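Below: the structure, in structure tokens.
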Amino acid sequence: MRPLPLAWQLAPRFARSTRRDAATSFLSAVAAGGIALGVAALVLALAALSGLQQALRAEILARTPQLEIELPPGADAGRLATELAAVDGVEFVQRFARARGWLLAAGVAREVEVVAFSERLPRSFPDAELVAGVEGVVVGDDLAARLGVRPGDWVELVGARPTLTPVGPQPRMRSLAVAGLFKSGRTERGDRVALPLDLAAGLLPAGAPQLEIATGGLDTALAVAGRLRALLPPGSVVRTWQDLNRPLFFALHLERAVMFAAVSLIVVVAALVLVADLALLQSSRWRELGALAAMGAAPRELGRLFTLLGLIVGGGGALAGGLLGVVVARLLDRWHLVKLPAQVYFLDYLPFAVEWLELGTVLGVALLLTFLCSRWGTRRLAEMRPVEAVRR
Amino acid sequence: MSVEVRARGLVKSYRDGERVVEVLRGVDLDVAPGELVAIEGPSGSGKSTLLHLVGGLDSPDRGELAVGGRALAGLDAEELARYRCQTVGFVFQFYQLLADFTAAENVLMPARIARLPLASWRRRAGELLAAVGLADRATHFPGQLSGGEQQRVALCRALLLEPSLLLADEPTGNLDPASGEQVFALLLELARAHGTTSLLVTHNPGMARRCARVLRLQNGALHELSR
């Protein structure tokens, strides 16, 4: 069998023997350690962001309709709801209306978003505890606590649709029982209340009819959205959970990208140390390089030898750093070691979630940087005249 | 197998700061296949430079140089490396063994570079080491060998692939007289046994006289001293 190219035969031995020389072994350790540290930091930072973002996403998406359809004025919402319910992937269709309003209790008024629904409480009002037999308004637990109301209490809901009176437009008001509480969570951007459409009649402006659609899952919702568009009358607008949270998802994506770029700088600095390390290694082995050149090793082959040597040092650091990052992230997540103030955040610990594709990207970037720096560090070697090494 | 070396009007100069030093000023050289030629001359006269040109480690500023009828001018770096690998064996004054490899591994290095099957060449390396009396030192690293032993390893390394041309640059220059004599005798014996065309740079007139021809390099030109 034909032996491997010279670089592959010699680089592992050269890498092992760098330990004999204090200066080169120190620089190699700094380079490998720096790359390992940078990769571990990158893996940990991204795992923390992923963990937090996954929790945040779950929290927010639990309070967001999967699909929302705004129908054009005059559309027959009831007939369309029946038609859309038959579409593959659709689990439930209900009519709803949304408007601004005020909730009054104990002399205190709070501005709320009023959601009027048909049939049943929409899925975007999670963990609702409803009082059996009471029909009325469902309020977020946080708002209920602030207003000091409990299920069964009476509150007043003021709608945005005014009544014209001789003294001018007056707001319409209706007394309603609190039919139950839902978990508003810590990510609610404003207070919401929900009530059946028939109770809301007259309170809300006569706006365009809207439909909320529940499907088997978030991905199904995105797939179904396309199919629904074809069935809807012109002028209809379909909004997916992605559309409804686009600014948030953009911010999360941006945060991740900026974090990646910032922490990557550690790897860049460490990879530059690798350039210095390779320069010192070449200098200390210059006479041996001359001997190899005299025996017929082409300068480009010697360049490849030292590029591979750089990849062994840097790649070893990157893999060690990746392993370290994954192990530490797993430990921090398993034992909830990073605590968060529960009063401030919606979680009492920082979750870590390692995404394998992201880990692969981090390792890929670290190896690419290592390779580029190694090539840069050995460019002089690939262009050397063999006699320069022999003469030394 | 051996080759003929033919050079005409070789010129080589170096830049030393502002100064240009012309080391070779039109060197003519003819070495017949299998011939053993010594080159002597004062320090700095360009002996090593001439050897480097013939060995394809450097290229002349002017002049023609052909080894085995093949002109070296115009060969690119890869072709010159192949020429050194297939045709030339080098022995240096300071041995230039690879410190992290054992004596046997050092001897085997040309086969690694040429990517030849190592198993059969490992046997050949063992035979060569045995021939120079180092069979029991095969697994020692250069740092564990004396200067004479290291140069004998370097000699085995140079001869492993049975090169057509052996170039030795003061091979005994760094050895004590006894070791130097032993290495030189081995070099002559092996070169003659293989019929290798050999160019030997030496400061030692006694050793030079034991070669078939002696050339003297002085003032940038080569003169025949004895045949």
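The values are calculated or read from the model by the stated rules, or taken from the named source; none is laboratory data. Computed from a prediction, not measured in an experiment: that's the story for all the values here. With ideal geometry, Cβ positions are generated from the backbone for all residues, glycine too; neighbour counts draw on all protein chains shown. For the accessible areas, the whole protein counts, side chains as well, though only heavy atoms, and no ligand, DNA or RNA atoms are used. Shrake-Rupley method; radii C 1.70, N 1.55, O 1.52, S 1.80 Å.
Grab the DSSP H runs of chain B that are 4 residues or longer, score each as -39,500 (n - 2.57), total them, divide by all residues and round the 222 nm result to the nearest 500 deg cm²/dmol. If you can, show how the numbers build up before the last one.
Working: 7 runs with 80 residues, N = 227.
It lands at -11000 deg cm²/dmol.
Among A:S283, A:G235, A:P341, whose Cα lies farthest out toward the positive end of the dipole of the protein assembly as shown, if unit charges sit on the beta carbon of Lys, Arg (+1) and Asp, Glu (-1)? The residue sitting farthest along the positive end of the dipole is A:S283.
Surface exposure of segment A:1-120, expressed per residue as accessible area with a 1.4 Å probe, stands at 45 Å². Looking at the square roots a ≥ b ≥ c of the eigenvalues of the Cα gyration tensor of segment A:266-392, which shape do they give, rounded for a/c under 1.5, prolate if a/b is larger than b/c, or oblate? The shape class here is prolate. Computed from backbone phi, the HN-Hα couplings of segment A:157-168 come to 10, 9, x, 8, 8, x, 10, 7, 10, x, 9, x Hz, rounded to whole numbers (Karplus: 6.51 cos²θ - 1.76 cosθ + 1.60, θ = phi - 60°; Gly and Pro given as x). Between the C-alpha center of segment A:202-262 and that of segment A:118-152 there is a gap of 25 Å. Amide H contacts under 5 Å for B:G89: B:L165, B:L166, B:L167, restricted to partners 5 or more places along the chain or on a different chain, H placed in the peptide plane at 1.01 Å from N. Segment A:277-317: percent of C-alpha pairs farther apart than 15 Å? Counting every Cα pair in segment A:277-317, those more than 15 Å apart make up 42 percent. Using the alpha carbons alone, the radius of gyration of segment B:5-226 stands to its Kirkwood radius in an Rg to Rh ratio of 0.97. Note on chain A: helix-only mean residue ellipticity at 222 nm, from DSSP H runs of 4+ residues weighted -39500 (n - 2.57) and normalised by residue number, equals -17500 deg cm²/dmol. Each 5 Å bin from zero up to the one holding the largest Cα-Cα distance in segment A:3-150 carries the following percent of pairs: 2, 6, 9, 11, 10, 9, 7, 6, 5, 4, 4, 4, 5, 6, 7, 4, 1, 0.
Dividing the mean sequence gap of close Cα pairs (under 8 Å, 6+ apart) by how many residues chain A holds gives a relative contact order of 29 percent. The share of alpha-carbon pairs in segment A:187-305 lying farther apart than 24 Å comes to 66%.
Which whole-number percent is the relative contact order of segment B:5-226 (Cα, under 8 Å, 6+ apart)? Could you put the intermediate results ahead of the total?
Working: 423 pairs, mean separation 67.3, N = 222.
Relative contact order here is 30 percent.
Among B:A158, B:L145, B:F92, which residue has its Cα furthest toward the positive end of the charge dipole of segment B:91-171, with +1 on Lys/Arg Cβ and -1 on Asp/Glu Cβ? Sorting the options by dipole projection puts first B:A158.
Express in whole angstrom the spacing between the alpha-carbon centres of segment B:144-190 and segment B:41-100. For segment B:144-190 versus segment B:41-100, the Cα centre distance is 18 Å. Using a 1.4 Å probe over protein heavy atoms, the accessible area lost on pairing A with B, summed over both chains, comes to approximately 2800 Å². Applying D = kT/(6 pi eta Rh) to the protein assembly as shown, where Rh is the Kirkwood radius over alpha-carbon pairs, T corresponds to 4 °C and eta to 1.567 mPa s, the Stokes-Einstein value obtained is 41 µm²/s. Bridges between two residues of chain A, per DSSP, are antiparallel at a rate of about 80%.
The share of accessible area on segment A:131-202 that comes from carbon and sulfur is 54 percent, using a 1.4 angstrom probe.
Please return the longest stretch of chain A lacking exposed loop sites, where chymotrypsin sites (Phe, Trp or Tyr not before Pro) count only if DSSP places them in a loop and at most 15 other Cβ atoms lie within 10 Å. Before the final figure, lay out each step's value.
Working: sites that count: A:W335, A:Y345, A:F346.
Between exposed loop sites, the widest span is A:1-334.
For segment A:305-392, with every protein chain kept in place, what is the accessible area per residue (1.4 Å probe, Å²)?
Working: 4840 Å² over 88 residues.
I get 55 Å² per residue for this part.
Cα gyration tensor of segment A:101-226, axes a ≥ b ≥ c as square roots of the eigenvalues: rounded (a/c below 1.5), prolate (a/b > b/c) or oblate?
On the way: a/c = 1.98, a/b = 1.32, b/c = 1.51.
The shape class here is oblate.
Would you pull out the residues with amide H under 5 Å of B:V23's amide H, same chain only if 5 or more places away, H placed 1.01 Å from N? Hits under the 5 Å cutoff: B:K12, B:S13, B:Y14.
State whether segment B:1-125 is rounded, prolate or oblate according to the following rule on the C-alpha gyration tensor (a ≥ b ≥ c being the square roots of its eigenvalues): a/c under 1.5 gives rounded; otherwise a/b larger than b/c gives prolate, and the remaining case gives oblate. Provide the component values of the computation, followed by the final result.
Numbers: a/c = 2.00, a/b = 1.62, b/c = 1.24.
Because a/c hits 1.5 or more and a/b exceeds b/c, segment B:1-125 counts as prolate.
The distance between label points at A:E129 and A:V237 comes to 3.7 nm (points 7 Å beyond Cα on the Cα→Cβ vector). Averaged over its residues, segment B:29-185 has an accessible area of 36 Å² per residue, based on protein heavy atoms and a 1.4 Å probe.
Taking every DSSP beta bridge that has both residues in segment B:5-226, what percent is antiparallel when rounded to the nearest 5?
Values: 22 of 39 bridges.
Taking every DSSP beta bridge with both residues in segment B:5-226, the antiparallel ones total about 55 percent.
Among the GluC sites (Glu not before Pro) within segment A:80-181, those in coil by DSSP and having at most 16 neighbouring Cβ atoms inside 10 Å are A:E119, A:E135.
For segment B:162-207, relative contact order (Cα pairs under 8 Å, six or more residues apart, normalised by length) works out to 56 percent.
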